[in-house]
Amino acid sequence: MSDPLSEMISLLRPQAPYSKLAEASGPFRVRREDVDELFYCMLLAGRICLEIDGKPAMELSAGDFVLIPAVAAFTVSSLDPPPPPGLVSRPVAGEDGIFRIGGQDGPAEVQQLVGHCSFASPDAELLVSLLPDLVVVRGEGRLATLAALVRDEARADRPAREVVVEHLLQVLLIEAFRCSEHTDAPSGLLRGLADARVGPVLRTMHAAPDRAWTVPELAVLGGLSRSAFFTRFTRIVGIPPMGYLMNWRMSLAKHLLRAGRHSIADVSDRIGYGSSSAFSTAFTRHVGQAPARYAKAVRAE
C-alpha cells in the first residue's frame, strides 16, 4: 500500500540552509518574526518556554522536539529564571560556532539545536497546507540523533553533501510526523491517515492515482454512505475528496513534467485522465499554463 506521508515529503524536496547549536544562561527572551521557512528545535538540556503567535505557550524540556512547518512568528524565553518585561536577547556567535544567548559567562543552563528547512518544490505551499502547523514530540532520542546528523552534514564540506542532507531531512520530517499525536492534529493529511475510515481511502488514492475514482467508490472503501464519507473526509482532511485527489494528481503531474522523461500523453495516463486534451484542460485551469508550456519553462530555468 502507498505511503502518502513519505510521498508528500519526498515531493517537497527539503533543504537545510541553516542550523546551529545555541546555549543560554540566566534570563533571556528571543523573538523571531522574520520566519519564512520551516523551523525545528531540539532541546538538548534545560527548560524553555515557547510561544507561537496564536497558540498557548508551552514548556519544553530536554529531549523535546518541535517542528513548525507553517510560517509563524514565535518567542523563546527562559523559565528559570523568567525574563523581565521588555527584555530582548541577541544571540552572539562564539569562535567555536556555538551561539550564546543571555549571560555570556559561566556554564550553559540551556542547550538547543535549531535549524531552518526550505522546500525546493514549487508546490510547497499546497503540500505544507496538508501537514499540521505544529508538531511536538517529547523524549524521542531518534530525533536528536537525526537533527545532529543534519547539522553536521550541512556544515561539512563533503562530496554529495546536498543529496545526503535532503535525504536526512526527509527521514527527520517523517520521523517527527509519525512520532506526533496524529489524532490531535488539525485538519490535514496526518489526521486523515490516522482516521480508521479516511486513512485507507487516502492510501488507496495515492496507490492508484490513475484510476477514475468517484465519491461513491471512495465511500465504499471507507465503509460509509456517500454523504457521510464526503462530510467526514472534508472535516478531517480540510478539503473535499475529489479536491484532494485533484491537488495530488496535479502535484504528481508537475513532478513528472519537471523530470522531462515523460510525454504529455504518458503523464495524462499516469494520473488518471482519459485523454491528453482532458488533462491539458485540467492542468491549465489548475496551474495557469498548459502542460507543454510548463515543461518548457521548467527546462529553461
Discussion item. Which numbered condition in (1) at pLDDT 90 or above; (2) open to solvent by 50 Å² or more (accessible area, probe 1.4 Å) is the only one that ARG299 fails?
Written reply: (1)
Discussion item. Filter segment 209-232 down to the residues that are free of Cβ contacts under 8 Å to residues at least 24 places away in the same chain, open to solvent by 10 Å² or more (accessible area, probe 1.4 Å) and small (Gly, Ala, Ser) and list them by number.
Written reply: SER225, SER227, ALA228
Worksheet entry | First in segment 141-166 and within 17 Å of GLY63 (Cα to Cα), second anywhere and open to solvent by 80 Å² or more (accessible area, probe 1.4 Å), Cβ under 9 Å, 6 or more apart | none
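Quick one: in segment 74-85, which of the residues that are surrounded by fewer than 16 Cβ atoms within 10 Å (Cβ to Cβ) and at pLDDT 85 or above is farthest from GLU33 (Cα to Cα)?
First, pick out the residues of segment 74-85 that are surrounded by fewer than 16 Cβ atoms within 10 Å (Cβ to Cβ): 80-82, 84-85.
Then drop every residue that is not at pLDDT 85 or above, which leaves 81-82, 84-85.
On the way: PRO81: 24, PRO82: 21, PRO84: 20, PRO85: 18 Å.
Looking at the filtered set, the residue picked out is PRO81.
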Response to the item:
The correct count of residues that are in contact with an Asp or Glu (Cβ under 7 Å, 6 or more places away or on another chain) and either among the hydrophobic types (A, V, I, L, M, F, W, C) or more than 15 Å from MET8 (Cβ to Cβ) (or both) in segment 198-213 is 1
Fill in: LEU143 vs. criteria open to solvent by less than 10 Å² (accessible area, probe 1.4 Å) and either under 11 Å from PHE65 (Cα atoms) or of a type outside the set (Val, Ile, Thr) (or both)
yes
Item to complete: Need at least 3 residues that are under 12 Å from the mean Cα position of the chain (by Cα) and on the phi > 0 side of the Ramachandran plot per element, so show me which helices (runs of 4 or more DSSP H) inside segment 81-179 make the cut, counting only ones lying wholly within it.
Response: none
Response to the item:
Note on ILE271: of the conditions (1) crowded, with 17+ Cβ neighbours inside 10 Å; (2) of a type in the set (Val, Ile, Thr); (3) within 22 Å of PRO4 (Cβ to Cβ); (4) free of Cβ contacts under 8 Å to residues at least 40 places away in the same chain, unmet is (4)
Worksheet item: So which residues in segment 110-150 are among the acidic types (Asp, Glu) and farther than 27 Å from PRO91 by Cβ, if there are any at all?
Response: ASP123, GLU125
Fill in: Filter result (within 17 Å of ALA176 (Cβ to Cβ) and either open to solvent by 50 Å² or more (accessible area, probe 1.4 Å) or among the polar types (S, T, N, Q) (or both)) within segment 108-140
GLN112, SER118, ASP133, ARG138, GLY139, GLU140
Worksheet item: (1) in contact with a helix residue (DSSP H, G or I) (Cβ under 6 Å, 6 or more places away or on another chain); (2) open to solvent by 50 Å² or more (accessible area, probe 1.4 Å); (3) modelled with pLDDT of 90 or more: which one isn't true of ARG235, the others all being true?
Response: (1)
Worksheet item: Just a yes or no: is a residue in segment 107-115 among the hydrophobic types (A, V, I, L, M, F, W, C), without any contact (Cβ under 8 Å) to a residue 60 or more places away in the chain and closer than 26 Å to ASP152 by Cα?
Response: no
Worksheet item: Condition test on LEU67, is it crowded, with 16+ Cβ neighbours inside 10 Å, of a type in the set (A, V, I, L, M, F, W, C) and within 30 Å of TRP248 (Cβ to Cβ)?
Response: yes
Fill in: strands (runs of 3 or more DSSP E) contained entirely in segment 1-73, each with at least 3 residues that are closer than 16 Å to PHE99 by Cα and at pLDDT 80 or above
14-25, 29-32, 38-45
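The values are calculated or read from the model by the stated rules, or taken from the named source; none is laboratory data. Computed from a prediction, not measured in an experiment: that's the story for all the values here. Please note: Cβ atoms are built from the backbone with ideal geometry, for glycine as well, and neighbour counts cover all protein chains shown. Note: accessible area is taken over every heavy atom of the protein model, side chains too, but ligands, DNA and RNA are not part of it. Shrake-Rupley method; radii C 1.70, N 1.55, O 1.52, S 1.80 Å.
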